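Accompanying notes for the structure given below.
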Number of protein chains: 2
Amino acid sequence: MTALDRPRYKVIGTRPVRHDGVDKVTGRAKYGGDVRLTGMLYGAMLRSPHAHAKIKRIDTGQAEAMPGVRAVVTGQDLPDQGDRIVELGEGATNMRYLSSNVLARDKVFYTGHAVAAIAADNIHQAEAAAKAIAVDYEVLSPVLDVRGAMADDAPILHDHLRTTSPTGETETSDTPTNVATRLLHEKGDVEKGFAEADVIVEHEFETATVHQGYIEPHAATAHWNADGKITIWTSTQGAFTVRQQTAELLHVPLSHIKVVPMEIGGGFGGKIPAYLPPVVAMLSKKSGRPVKIIMTRAAVFQATGPTPGSWIRLKLGATRDGRITAGDATIAFEAGGYPGSVIGAGVGCLFACYEVPHGRVEGLDVCVNRPRTTAYRAPGSTQVAFAIETVIDEICEQIGMDGLEFRLGNAAQEGTRRVDGPVFGCIGMRETVEAIRNCEHYRTPLEGKFRGRGIASGYWFNAGMRSSVSASVNTDGTVSLIEGSTDIGGSRTSLAMQLAETLGITAEAVMPTVADTDGVGYNDVTGGSRVTFATGMAVVEAGKDIQQQMVARAALIWDVEERHVHYTDGSVEGPDGHRLSFEELAAQQMTTGGPFVARGAVNAPGQGGAFATHVVDVEVDPETGKVQILRYTAAQDVGTAIHPSYVEGQMQGGAVQGIGWALNEEYWYDETGDLKNATFLDYRMPTCYDVPNIETILVEVPDPAHPFGVRGVGEVPICPPPAAIANAIHQAVGVRMRQLPMSPPRVLDQVMHTQS
Amino acid sequence: MTALDRPRYKVIGTRPVRHDGVDKVTGRAKYGGDVRLTGMLYGAMLRSPHAHAKIKRIDTGQAEAMPGVRAVVTGQDLPDQGDRIVELGEGATNMRYLSSNVLARDKVFYTGHAVAAIAADNIHQAEAAAKAIAVDYEVLSPVLDVRGAMADDAPILHDHLRTTSPTGETETSDTPTNVATRLLHEKGDVEKGFAEADVIVEHEFETATVHQGYIEPHAATAHWNADGKITIWTSTQGAFTVRQQTAELLHVPLSHIKVVPMEIGGGFGGKIPAYLPPVVAMLSKKSGRPVKIIMTRAAVFQATGPTPGSWIRLKLGATRDGRITAGDATIAFEAGGYPGSVIGAGVGCLFACYEVPHGRVEGLDVCVNRPRTTAYRAPGSTQVAFAIETVIDEICEQIGMDGLEFRLGNAAQEGTRRVDGPVFGCIGMRETVEAIRNCEHYRTPLEGKFRGRGIASGYWFNAGMRSSVSASVNTDGTVSLIEGSTDIGGSRTSLAMQLAETLGITAEAVMPTVADTDGVGYNDVTGGSRVTFATGMAVVEAGKDIQQQMVARAALIWDVEERHVHYTDGSVEGPDGHRLSFEELAAQQMTTGGPFVARGAVNAPGQGGAFATHVVDVEVDPETGKVQILRYTAAQDVGTAIHPSYVEGQMQGGAVQGIGWALNEEYWYDETGDLKNATFLDYRMPTCYDVPNIETILVEVPDPAHPFGVRGVGEVPICPPPAAIANAIHQAVGVRMRQLPMSPPRVLDQVMHTQS
């Protein structure tokens, strides 16, 4: 679609002030920690000091006798889950693992693993009592990295664990293992493909465990009422997901739980698992009082899901004229203390930017003594992009081809079959490469010593899933929009704008509210870049419901047949010049047929997928190894940018997080498995002093699956940065970095090694 | 409809535990006064010590300088309303009157009239500062009763006021008056009717000003946000009505206001006007902080709407064989300090129980120096029932006819045209009289000295109006019902039961939530006995929306045509024995087409009307005049009793309030207009020591306007008691009481007068 035949929108593409803006800048917005209830108790948790140990005994007697203590819970208080596998919206989940991650039962699997929780009259009493719980551990050797965990003599985390094979069967071997799952996708004939290659590059890569680093720590408050109904106030990416997780963990009907979503201070995938809600609920049940727990920052690092560190072996072949012939890879992701990393996504993303005629990719989900990993912005994709995008750079170097030309020549497009099976619909990979090729940044030569420019592309699936909304027309010509999607990146406004566009009114005339789980239909998590797409579809459906009701009402008022009445551009028009604007019909609703109320619900299909291509200029200090980002431009297929400012914000935020992965961020464990940098001072995230302004190019290839062509935009901008920076470092100082983060010591080491 | 051909229901007619029961009995339910917000200020009000005075000057200087004071508002802070008449859901409202009743401008019209409000850091500072506001009054003579107010030399409350005539025109006379409105309804030829009468009885009656006496005082908290959006937390019978009143009073768009309805500790019509919300909103705007005000009990009595005291002249004619031939009446209601009593309802109810071939009724709305009156349970009907039902008793005495036979012979029925115009549909007046005639109480002779039995009937219109709901099906087979009707008498459950019946599931499987004004479509007040009827219709509509979606989904799953699929008795059935229960489809929704969400909205027509007939046995102590209620039975046409316990509760509560009107309750003013009994100790309401168990007979004449035949039940039980008790007193001691309350001194006075 070109600019000429693109629909002309009135609201979409404008930049109204966000509906929740004033609340957030004035401090009025209420976050998870802001909940205060009458009679509320404060909770504290006892966490494991060991990375791997058996729990022989927990003695809570002394703690229970301490002043102000009202309740104590341990893993024994949670219902036994047996071998239940439950579909939790985000996928099939082993309930035993989920439960014992919330409160350990027989073993602890990482430093900081929750062992017990206390509720007391104040936080000081609770913390003192938590320390007074005596736990008798039998300390075991930990294993902290995937290759160590796959070694024959590795310490075994779960004695019963056997590998689930690519066919979905569980191996019947008697040999204990830490490898929970082995995935395998094959396309074409890989041997034949490599035989056709003129150049083959193969390397191993490592990426670090990194945390989402949201500012707001996890916080939850629960009240278990005398009638068995439970209310939970928490910051979460998915109130309905918390509801279901808690229901399944506590064996109560999900409709007995109401989750009130508070404002969220960042999530990035890390606020999907319910760590605290089941704990505060049990403490409330035991004490009869509301109970609140706010995690410490150390607990957030130690015990809430980072993204998997990884080991990747990648072999890629291409012809001399720049055509990929074959790819072969093995990817091992740290699952953390329990099986269930995002390995499936990593496997799917590895080759997705390209037409790879012959491919094979194996994925391994490996348990290690680190916190249970979870989603983090395009989960699994940044790791694999680091591998493939640097290998492509090396191939281009060998065949003497420009990296953008190579990417254009191999770009996935409509009809391309991915190595893992699916066939792409309308996508914009090629357009993002062209956008970089044409941009001022790329066309400006980079000069200076120890400077280099790198490019890289990235891919994210973009999810669909379930969303519901309702809406109510007010007599003053406004619409109350009731939705259930946590607003992380401005979705109140991007959804309100879609309703406004549908009805032909202003964005300000739509007032969005994020309701609790009793106040709106089901919504899957805010994640996977799905909300503006899928909840947006539900919003458009609700808007059409209003249109249809207004048409029927106008026909009634005019006493004409409904088929002669139409909703057009903010008005209802009928025969004989009859016309009533939205505002006029809204004003008349109460004295005619009654209130206009509407609903929309979807189980949205997957989207067309998001692609991004980034270019970065760096300068490397050869004496310290420090990499300075000089300039950064991100081009991305954003489908249709509903609110361009928020799209740009997602691209900038994603790029900065990717820069953090690239240069500094990592979990730093000592040999006992103790995390040594569980603070924001020591876990080094980029600040505004570390990055230039991230320039953005919005490429709009509308997704035909959505009425306005929306494409999720939040995930993919994190994928290219590590590879792009690695490629830039190579151009700057001639070294190939294959391990993240590319922190000063590592870069210095490589530079010195090359010079020597 | 007889018991045999009546529909057989599974849920309707059963008595499940109310959904909000545990919260209320454990003290967890949050009422208006329970709101606590960060940084919240506490407010206090300065009220007029005079019943009638000009405000010459208000000096807030000293108060503003006092410790902790953050804001002061007076009537000058409210926008000028000019002569705006606004349709406020409950009827056309003069905004100047409403505004100056909230905060007086130039004059005060009753003791306790609000003059200024203060917000301070704590309630003690606020109260002290309120006292420090200096108001310079020019005290005027008050007039406290309707007849005094209509006298030629009466003090005039509003110099500009002229009477609105029955044709709706305002008189152009230059003579000031306190009579705001004169209504007139005529039917047939009244002179001719009285000429046909064998017996004519004519008397004058007086009823006292009485208060609804809800336990919870008015309370409101507001936060005026920096973006101009206002949130109000308050106990109210109509959150949307508070929203609109406040918007109109403050000249802000109604969609800028969100009203969060708290639980309500009684309303009975008295929690419809917004006394506090505009005040706390203005205090919040000025202070930038949330502000809460809770009224004192004295303020509730002095300044919130009681029901009008009245003066009634009634003349009724009948033939010797007990046929009413004509009626003629003049009814004057105290409006209070501003025009706008419920005189229209009183006029409509007077003759409504009977076929009156020739009738004339004149109504007068008269301003007096008492608080602005408002609705109170069957507003206006109890006053007029006292008149007509005692006159009928006297006619029956004169013609020697049994009161029930007389009522049966004259009972209004389908097709009866009321004197005020409308024609009745299907109603059950006759059936309530028959129910009393057949009941054990009435068939048991009353024996003993100074004992008497009385009967009386009563009528209430029952309102329809606007209601909206939405609903969401949960995967565990339950339904979240989102409604906006304040739950005063168990409507969460009576609505949930209607949805359960529609869907063929249990009442417990429906979980009702009363949402705020941003969370659900428009709903008129909980009042007029309209909620179970009108909101019930919206609920049934939402249920049918779910049925239709489930039918479509099942057709999709079975791959059959939708027209071959039907929803029956909690299941969807299709061809070839296909069948999925509600629970099965609910469980499958997420993996098929997505969530089931539904909506319903109505502008419901008026109902068929409610009728009641009561019988009471009393014993009069001739030495003190004290009347003891020995036994009481209420029969009422309840349409279809959704939850019989709550219907019985409404009948019992209404009867007890009517007993209060009958025997004790009244506003006691001294000659200066100072209310001397503004406490629950001195304003004597019946307690459980004063009344026996109220026996109830549920007569079910389904209303064809409602899918389940619902008829409002909350209002009419208050109407018969004063007349029934007066008739019983007559039988006991031979005196005719024509003034309420029939308190011991008055009864004693009459008894001694008769004996002398």
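For this structure, a couple of remarks:
- Among the residues of the range B:548-565, those that are touching a Gly at 6+ places or on another chain (Cβ under 8 Å) and either more than 14 Å from chain A (Cβ to nearest Cβ) or surrounded by 19 or more Cβ atoms within 10 Å (Cβ to Cβ) (or both) comprise B:R553, B:A554, B:A555, B:W558, B:V560, B:H564, B:V565.
- Residue among B:R297, B:R289 that alone is over 24 Å from B:A226 (Cα atoms) and surrounded by fewer than 24 Cβ atoms within 10 Å (Cβ to Cβ): B:R297
- Residue in the range B:447-455 that is buried (at least 24 other Cβ atoms within 10 Å of the Cβ), in the same structural domain as B:P720 (by TED's automatic domain parsing) and modelled with pLDDT of 95 or more present: yes
- Residues of the range B:145-159 that turn out to be in contact (Cβ under 8 Å) with a residue 12 or more places away in the chain and open to solvent by 80 Å² or more (accessible area, probe 1.4 Å), as a count: 2
- Check on A:G168, within 27 Å of the chain's Cα centre (by Cα), on the phi > 0 side of the Ramachandran plot and open to solvent by 10 Å² or more (accessible area, probe 1.4 Å): yes
- Any hit, the range A:135-144, residues being open to solvent by 20 Å² or more (accessible area, probe 1.4 Å) and under 31 Å from the mean Cα position of the chain (by Cα): yes
- Taking the range B:229-254 as the range and being more than 19 Å from B:G489 (Cα to Cα) and in contact with a strand residue (DSSP E or B) (Cβ under 6 Å, 6 or more places away or on another chain) as the test, the residues that pass are B:I230, B:T231, B:I232, B:W233, B:V242, B:R243, B:T246, B:A247, B:E248.
- Single unsatisfied condition, A:G448 versus (1) away from chain B (no Cβ under 14 Å); (2) touching a Leu at 6+ places or on another chain (Cβ under 8 Å); (3) not charged (D, E, K, R): (2)
- Residue check, A:G570 closer than 19 Å to A:R8 by Cα and small (G, A, S): yes
- B:G528 meets the conditions (1) closer than 22 Å to B:K258 by Cα; (2) not in a helix (DSSP H, G or I) in every case but one. The failed one is (1).
- Meets criteria (part of a helix (DSSP H, G or I), assigned by TED's automatic domain parsing to the domain that holds B:F351 and in contact with a helix residue (DSSP H, G or I) (Cβ under 8 Å, 6 or more places away or on another chain)) for B:Y646: yes
- Among residues of the range B:75-104, those that are at pLDDT below 95 and among the basic types (K, R), counted: 1
- Of all the listed residues (A:D545, A:D518, A:D476), the sole one being acidic (D, E), open to solvent by 20 Å² or more (accessible area, probe 1.4 Å) and over 28 Å from the mean Cα position of the chain (by Cα) is A:D476.
- Selection status of B:K258, among the basic types (K, R) and in the same structural domain as B:G82 (by TED's automatic domain parsing): yes
- Among the residues of the range A:348-355, not a single one is of a type in the set (G, A, S) and either free of Cβ contacts under 8 Å to residues at least 40 places away in the same chain or farther than 27 Å from A:L408 by Cα (or both).
- In the range A:498-511, the residues that are at the interface with chain B (Cβ under 9 Å from one of its Cβ atoms) and either of a type in the set (D, E) or part of a strand (DSSP E or B) (or both): A:M511
- Taking the criterion of being touching a strand residue (DSSP E or B) at 6+ places or on another chain (Cβ under 6 Å) and of a type in the set (V, I, T), the residues of the range A:63-117 that qualify are A:V69, A:V72, A:V73, A:T74, A:I85, A:V86, A:T93, A:V108, A:T111, A:V115.
Each row is one residue, and each column tells you yes or no for (1) within 14 Å of chain B (Cβ to nearest Cβ); (2) open to solvent by 40 Å² or more (accessible area, probe 1.4 Å); (3) among the hydrophobic types (A, V, I, L, M, F, W, C).
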site	(1), (2), (3)
A:S581	no, no, no
A:A586	yes, no, yes
A:G608	no, no, no
A:D617	no, no, no
A:D621	no, yes, no
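- Candidates A:V540, A:V531, filtered to the one that is surrounded by fewer than 24 Cβ atoms within 10 Å (Cβ to Cβ), under 22 Å from B:D518 (Cα atoms) and more than 10 Å from chain B (Cβ to nearest Cβ): A:V540
- Top-ranked residue of the range A:30-41 - restricted to ones that are over 30 Å from the mean Cα position of the chain (by Cα) and either open to solvent by 50 Å² or more (accessible area, probe 1.4 Å) or away from every other protein chain (no Cβ under 14 Å) (or both), ranked as farthest from A:Y275 (Cα to Cα): A:T38
- The range B:588-606, residues that are open to solvent by 40 Å² or more (accessible area, probe 1.4 Å), over 33 Å from the mean Cα position of the chain (by Cα) and of a type outside the set (S, T, Y): B:Q588
- In the range B:59-75, residue nearest to B:H113 (Cα to Cα) [restricted to those that are buried (at least 20 other Cβ atoms within 10 Å of the Cβ) and hydrophobic (A, V, I, L, M, F, W, C)]: B:V73
- Number of residues in the range A:42-86 that are assigned to a loop (DSSP other than H, G, I, E, B) and either touching a residue at least 40 places away in the same chain (Cβ under 8 Å) or under 26 Å from A:L254 (Cβ atoms) (or both): the value is 16.
- Looking only at residues of the range B:347-373 that are assigned to a loop (DSSP other than H, G, I, E, B) and touching a Lys or Arg at 6+ places or on another chain (Cβ under 9 Å), we find that the one that is surrounded by the most Cβ atoms within 10 Å (Cβ to Cβ) is B:C353.
So that you can scan it fast, the table gives a plain yes or no per residue for (1) surrounded by 22 or more Cβ atoms within 10 Å (Cβ to Cβ); (2) acidic (D, E):
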| residue | (1), (2) |
| --- | --- |
| A:P644 | no, no |
| A:G658 | yes, no |
| A:A662 | yes, no |
| A:D670 | no, yes |
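- Of everything listed in (1) away from chain B (no Cβ under 11 Å); (2) closer than 24 Å to B:G521 by Cβ, the single unmet condition for A:V602 is (1).
- The range B:206-227 residues that are open to solvent by less than 10 Å² (accessible area, probe 1.4 Å), paired with ones that are of a type in the set (A, V, I, L, M) and at pLDDT below 95 (beta carbon under 7 Å, 6 or more apart): B:T221/B:L37
The values are calculated or read from the model by the stated rules, or taken from the named source; none is laboratory data. Model, not experiment: these values are computed from the prediction. Counting neighbours? That spans all protein chains shown, and the Cβs are built from the backbone with ideal geometry, glycine included. Note: accessible area is taken over every heavy atom of the protein model, side chains too, but ligands, DNA and RNA are not part of it. Shrake-Rupley method; radii C 1.70, N 1.55, O 1.52, S 1.80 Å.
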